[in-house]
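Single-structure report; data block below.
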Amino acid sequence: MCGRFTLTLDPGEIQELLNLGPFVHIVQPRYNIAPSQPVPIVKDAQERSVELYQWGLVPFWADDPKIGYKMINARSETIDEKPSFRAAFKYRRCLILADGFFEWHASEKGASKTPYLFKLKNDHPFTFAGLYEHWQSPEGGELHTCTILTCPPNELVSDYHNRMPVMLGEDARWAWLDQELEPPALLDLLSPYPADEMKCFPVSREVNSPQNDRPEVLEPQTM
């Protein structure tokens with residue numbers, strides 16, 4: 001599962017490192033991004049423009065938009081089968097911009113869980129594999145929503161959780177947006193990110209509250 005993440009770098013740096021279109025006016029540093037909040041996504045591999053979508057997928061056929069609270073993640077192994085995701089998997093794939101994500105872990109049974117921040121060793125930004133949807137209410141209101149795909153954990157994350165978000169490297173991220181790519185090849189992209197390119201460290205329990213969205217919550221803690 002991925003229930004919180006970060007995007008802390010300067011927008012210009014993110015744009016350059018990920019080779020994106022201009023978006024400096026809509027993306028600001030975030031230290032504790034939570035479900036139901038707007039997150040930056042990319043839908044087109046040619047334009048590579050960035051838009052803000054609400055985190056928590058609401059399928060186009062849903063009766064109640066509250067379903068989005070239960071659909072912040074989608075298991076990569078079944079996205080081509082589940083009614084909630086299979087249309088989006090076929091037609092509405094996206095990248096979700098990030099530079100870190102959190103998992104919670106208790107060192108021993110009964111102990112309070114400590115949040116850990118997972119990042120690339122070089123501190124560069126990366127992209128989650130995602131799906132997006134457009135939902136319209138009977139009254140004509142619209143919601144633009146997305147979800148983050150998950151996969152089995154790599155050797156680093158497995159010590160803390162039994163799932164991890166799908167992180168796409170440079171080649172895989174643009175292949176994920178290729179509308180000509182067939183499902184078998186797309187599913188092959190959704191594998192655990194190499195553990196030897198990642199790091200993690202404990203951070204403040206203040207990150208437990210989405211209201212604490214400031215740099216201090218990411219400072220490494222001693223255990």
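Nothing in this text is a laboratory measurement; each read-out follows from the coordinates by a stated rule. Every value quoted in this text rests on a predicted model; they were computed, and no experiment measured them. Backbone-built Cβ (ideal geometry, glycine too); neighbour counts: all protein chains shown.
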Projected label distance in nm at residue 80 and residue 37, using a 7 Å step from Cα toward the beta-carbon: 3.4
Picking from 206, 13, 180, which is most flexible by a Gaussian network model of the chain using Cα springs under 10 Å? 180
What distance in nm separates the two pseudo spin-label positions at residue 70 and residue 216, each 7 Å out from Cα along the beta-carbon direction? 3.8
Report the FRET efficiency, 1/(1 + (r/R0)^6), for residue 136 and residue 90, where r is their Cβ-Cβ distance and R0 is 22 Å, rounded to 0.05. 0.65
Sequence-distant or interchain residues sharing an amide H contact under 5 Å with residue 53, placed H: which? 39, 41
Cα centroid distance between region 33-94 and region 109-146, in Å? 9
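Kindly provide the chymotrypsin sites (Phe, Trp or Tyr not before Pro) of region 11-66 that DSSP labels as loop, not H, G, I, E or B, and whose Cβ sees at most 15 other Cβ atoms within 10 Å.
Values: sites: 23, 31, 53, 55, 60, 61; in loops: 23, 60, 61.
In loop regions of region 11-66 (DSSP not H, G, I, E or B), the sparsely surrounded chymotrypsin sites (Phe, Trp or Tyr not before Pro) are 60, 61.
Looking at region 94-200, which trypsin sites (Lys or Arg not before Pro) are in a loop (DSSP not H, G, I, E or B) and have at most 10 other Cβ atoms within 10 Å?
Values: sites: 109, 113, 119, 121, 163, 173, 199; in loops: 109, 113, 121, 163.
Qualifying residues, ordered by number: 109, 121.
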Please compute the length gained on full extension between residue 122 and residue 196, using 0.36 nm multiplied by the number of residues separating them and subtracting their Cα-Cα distance. 25.5 nm
Taking a crude spin-label model, label points 7 Å out from Cα along the C-beta direction, the residue 170 to residue 109 distance in nm is 4.8
Expected sort for 95, 52 with the fewest Cβ neighbours (10 Å cutoff) up front is 52, 95
